Amino acid sequence: MAPLPFRNTLVGFLLCSLVAAPYAVAAVITCNQVVVALTPCIDYLRYGGQPSSVCCTGLQGLNSAATTTFDRQTVCSCVKRAATAVTGLVYQQEVSLPAKCGLHVPYQITPTTDCSKVQ
């Protein structure tokens, strides 16, 4: 039989795990995740051509993770904010990026997009 302090710690851990489990499923997308996912796309967004496979993989992961309206609004706001920090972006490239990666994104992110209306 395990010593009492270890057993209490184990019981406490299991109880905390059971209480936290329902909340672990609902992950929140952060702006840092958006920036990391889309940084490989900067060359495409500046110069056009074909986006890299790393860019498309990041975009695909981000698109898959944004399952709620709140997630999609967060992604939209983060992209708009990040885009203002990068010089030389061609916004037409931004709009065409999902299609170039073979993805369907149900909204466009442009400098004038109202992210609060993204569904």
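When restricted to residues that are among the small types (Gly, Ala, Ser), closer than 13 Å to LEU97 by Cα and modelled with pLDDT under 95, region 57-84 contains 0.
VAL54 meets all of the listed conditions (1) part of a loop (DSSP other than H, G, I, E, B); (2) open to solvent by 80 Å² or more (accessible area, probe 1.4 Å); (3) modelled with pLDDT of 95 or more but one, namely (1). Any chance region 20-27 includes a residue that's open to solvent by 40 Å² or more (accessible area, probe 1.4 Å), at pLDDT 65 or above and in contact with a Pro (Cβ under 8 Å, 6 or more places away or on another chain)? Within region 20-27, none of the residues are open to solvent by 40 Å² or more (accessible area, probe 1.4 Å), at pLDDT 65 or above and in contact with a Pro (Cβ under 8 Å, 6 or more places away or on another chain). Being assigned to a helix (DSSP H, G or I) and polar (S, T, N, Q) is the filter; apply it to region 90-110 and report the residue that is nearest to GLN60 (Cα to Cα). Ranking the qualifying residues of region 90-110, first place goes to SER96. Residues in region 57-76 that are surrounded by fewer than 17 Cβ atoms within 10 Å (Cβ to Cβ) and in contact with a Pro (Cβ under 9 Å, 6 or more places away or on another chain): 1 in all. Would it be correct to say that GLN108 is free of Cβ contacts under 8 Å to residues at least 40 places away in the same chain, touching a Gly at 6+ places or on another chain (Cβ under 9 Å) and of a type outside the set (D, E, K, R)? Spelling it out, it is not the case that GLN108 is free of Cβ contacts under 8 Å to residues at least 40 places away in the same chain, touching a Gly at 6+ places or on another chain (Cβ under 9 Å) and of a type outside the set (D, E, K, R). Listed by first and then second residue, the pairs linking a residue in region 78-94 that is of a type in the set (A, V, I, L, M) to a residue that is part of a helix (DSSP H, G or I) and modelled with pLDDT under 90, with Cβ atoms under 6 Å apart and 6 or more places separating them unless they lie on different chains, are LEU89/ALA83. The set of residues in region 81-112 being within 16 Å of the chain's Cα centre (by Cα), among the basic types (Lys, Arg) and buried (at least 16 other Cβ atoms within 10 Å of the Cβ) is empty.
The values are calculated or read from the model by the stated rules, or taken from the named source; none is laboratory data. Since this is a predicted model, take the numbers as computed values, not measurements. Ideal geometry is used to build each Cβ from the backbone, glycine not excepted, and the neighbour counts take in all protein chains shown. These area figures cover heavy atoms from the full protein model, side chains too; ligands, DNA and RNA do not enter into them. Shrake-Rupley method; radii C 1.70, N 1.55, O 1.52, S 1.80 Å.
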